[in-house]
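All of the numbers you see were taken from the coordinates with simple rules; none came from a lab. What you see is a predicted model; the values in this text were computed from it and never measured. Cβ atoms come from the backbone with ideal geometry, glycine included; neighbour counts cover every protein chain shown.
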Ligand SMILES: [Zn+2]
Ligand SMILES: [Zn+2]
């Protein structure tokens with residue numbers, strides 16, 4: 001599973017945090033690395049198990065606090081329908097919404113960004129005088145890799 005985390009990404013994470021004056025603790029960094037290292041969305045408990053390899057004393061709140069921080073800073077997204085986490089493709093942008101394609105077979109998540117879709121959602125929401133806090137746009141199905149595997153197994 002996964003490979004080597006891109007060190008450029010980690011460097012970018014460190015630089016963004018110091019530019020914003022927020023503290024990147026070793027646990028926060030480690031949780032981010034674990035999320036990037038996995039090619040599917042990770043649940044908090046999967047992350048805890050992985051974190052325990054290097055930090056045996058890690059507890060659920062350790063992971064939840066790290067996840068809250070990473071979400072707040074826009075480094076990761078929560079996949080609401082499966083309560084798991086993926087890294088964000090547009091690094092650390094505050095208040096950015098995206099459309100997630102979630103493969104139910106392999107758990108792979110692809111992030112799409114469509115400004116027109118978001119603008120449309122915003123204008124629909126405004127028409128109702130609604131103060132939104134978050135958009136969740138998730139599509140479930142079978143990814144290209146999994147569906148071509150199914151094809152070849154027929
Ligand atoms: Zn994103
Ligand atoms: Zn798949």
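Brief remarks on what is shown
- Label-to-label distance for residue 68 and residue 80 is 2.0 nm, based on points extended 7 Å past Cα in the beta-carbon direction.
- Highest mean first, the peptides 69-77, 54-62, 97-105, 121-129 sorted by other C-beta atoms within 10 Å per residue fall in the order 69-77, 97-105, 54-62, 121-129.
- Relative contact order (%) - criterion: Cα under 8 Å, at least six apart; region: region 93-142: 51 percent
- Of all DSSP-defined beta bridges confined to the chain, some 65% are antiparallel rather than parallel.
- With the helix formula -39500 (n - 2.57) applied to DSSP H stretches of n ≥ 4, the chain reaches a computed 222 nm mean residue ellipticity of -14500 deg cm²/dmol.
- For the chain, the relative contact order is 19 percent, taking Cα pairs closer than 8 Å that sit 6 or more residues apart in sequence and dividing their mean separation by the residue count.
- If you sort the three axes of the alpha carbon gyration tensor as a ≥ b ≥ c, you get a/c of 1.5 or more for region 110-154 and a/b above b/c, which makes it prolate.
- Prolate/oblate/rounded call for the chain, Cα gyration tensor, a/c under 1.5 rounded: oblate
- Between residue 117 and residue 150, the FRET efficiency estimated from the beta carbon spacing at R0 = 35 angstrom works out to 0.75.
- Spin-label proximity, residue 130 to region 72-102 - amide N less than 20 Å from point 7 Å beyond Cα toward beta carbon: 78-82, 95-100
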